[in-house]
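The values are calculated or read from the model by the stated rules, or taken from the named source; none is laboratory data. This one's a predicted model, so the numbers in the text were calculated from it and none came from an experiment. Glycine gets a Cβ as well: all are built from the backbone with ideal geometry, and neighbour counts include every protein chain shown. Only protein heavy atoms, including side chains, enter the accessible area calculation; ligands, DNA and RNA are left aside. Shrake-Rupley method; radii C 1.70, N 1.55, O 1.52, S 1.80 Å.
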Amino acid sequence: MRSGKDAPVDHLGIEHCYDPSAPPEVRRYQVLLSLMLSSQTKDQVTAGAMQRLRARGLTVDSILQTDDSTLGTLIYPVGFWRNKVKYIKQTSAILKQRYGGDIPASVAELLTLPGVGPKMAHLAMAVAWGTVSGIAVDTHVHRISNRLKWTKKVTKSPEETRIALEEWLPRDLWSEINGLMVGFGQQTCLPVRPRCQACLNRALCPAAQGL
């Protein structure tokens with residue numbers, strides 16, 4: 001079902017939002033920024049916001065020199081865009097002051113940045129630094145893991161799900177989970193009215209039984 005790699009995440013996800021020709025520290029900053037924008041926002045909207053930001057030259061300094069009103073206009077209509085303007089400005093200032101314009105190279109340090117949560121931190125480690133630090137669990141991974149009963153008990157938050165999955169999933173598979181499940185959640189295992197009849201997992205999925 002994911003062999004075609006044709007879900008929005010496959011061509012508009014964060015791996016496609018940064019400038020591959022930019023210096024390494026700028027690429028890493030752009031990865032982090034795209035993750036901050038992506039929270040509760042469709043991939044298409046995040047990609048559009050990143051395209052507008054990159055058109056102006058997307059660096060720590062350029063963001064710090066952009067007034068809040070202009071930044072808001074550039075990232076709108078990402079979810080909670082007003083809060084994200086504030087978080088992006090605060091985080092960019094910290095990166096300039098403490099990290100020379102680069103991003104931290106550990107989950108613990110990333111989590112101290114305003115507007116950065118566990119999923120973002122683990123994805124930043126994977127995409128920006130090439131290090132698998134944990135499973136990046138968003139709403140799709142959280143929902144599908146519970147539907148498949150991949151957790152010993154029902155989990156109430158993505159972070160609970162991450163801990164439950166990491167208890168049994170082999171570490172060499174951790175990097176694959178997010179992309180596979182996000183695309184699956186975008187196309188088949190939808191939040192409302194999942195397409196169970198078209199799903200190849202139907203016979204294996206507890207949530208599909210009796211449909």
### Message
Whether any residue in region 133-145 is open to solvent by 80 Å² or more (accessible area, probe 1.4 Å) and on the phi < 0 side of the Ramachandran plot is what I want to check.
### Response
yes
### Query
In region 152-187, which residue that is within 19 Å of the chain's Cα centre (by Cα) and among the β-branched types (Val, Ile, Thr) is nearest to Val127 (Cα to Cα)?
Ile177
### Query
Just to be sure, is Trp129 farther than 17 Å from Ser39 by Cα, open to solvent by 30 Å² or more (accessible area, probe 1.4 Å) and aromatic (Phe, Trp, Tyr)?
yes
### Message
Take the residues in region 146-161 that are touching a Pro at 6+ places or on another chain (Cβ under 9 Å) and assigned to a helix (DSSP H, G or I); name whichever of them is farthest from Pro118 (Cα to Cα).
### Response
Arg147
## Note on the structure
Picked from region 61-93 (must be more than 20 Å from Gly117 (Cα to Cα) and of a type in the set (Val, Ile, Thr)), the residue surrounded by the most Cβ atoms within 10 Å (Cβ to Cβ) is Ile63
### Message
Going by what's in this entry, would Asp6 be described as of a type in the set (Asp, Glu), part of a loop (DSSP other than H, G, I, E, B) and surrounded by 14 or more Cβ atoms within 10 Å (Cβ to Cβ)?
### Response
no
### Any pair with Cβ under 9 angstrom, 6 or more apart, that starts in region 135-155 at a residue that is over 14 Å from Cys205 (Cβ atoms) and in contact (Cβ under 8 Å) with a residue 24 or more places away in the chain and ends at one that is open to solvent by less than 40 Å² (accessible area, probe 1.4 Å) and among the aromatic types (Phe, Trp, Tyr)
Ile135/Trp174; Ala136/Trp174; His140/Phe184
### Message
Every residue in region 21-43 that is over 13 Å from the mean Cα position of the chain (by Cα) and either on the phi > 0 side of the Ramachandran plot or open to solvent by 30 Å² or more (accessible area, probe 1.4 Å) (or both), please.
### Response
Ser21, Pro23, Pro24, Glu25, Arg27, Arg28
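Residue by residue, here is whether (1) closer than 22 Å to Asp6 by Cβ; (2) charged (D, E, K, R) holds:
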{"position": "Ser133", "(1), (2)": "no, no"}
{"position": "Thr155", "(1), (2)": "no, no"}
{"position": "Arg171", "(1), (2)": "no, yes"}
{"position": "Met181", "(1), (2)": "yes, no"}
### Query
Can Met50 be described as among the hydrophobic types (A, V, I, L, M, F, W, C) and touching a Cys at 6+ places or on another chain (Cβ under 9 Å)?
yes
### Criterion violated by Val137 - all others in (1) more than 23 Å from Lys86 (Cβ to Cβ); (2) in a helix (DSSP H, G or I); (3) among the hydrophobic types (A, V, I, L, M, F, W, C) satisfied
(2)
### Query
Taking the stated definitions as given, is Ala164 part of a helix (DSSP H, G or I), more than 20 Å from Ala7 (Cβ to Cβ), open to solvent by less than 50 Å² (accessible area, probe 1.4 Å) and touching a residue at least 40 places away in the same chain (Cβ under 8 Å)?
no
### Query
touching a Lys or Arg at 6+ places or on another chain (Cβ under 9 Å) and under 27 Å from Asp10 (Cβ atoms): does that describe Leu53?
no
#### Entry: Identity of the residue in region 196-210, of a type in the set (Gly, Ala, Ser) and part of a loop (DSSP other than H, G, I, E, B), that ends up farthest from Phe184 (Cα to Cα)
Gly210
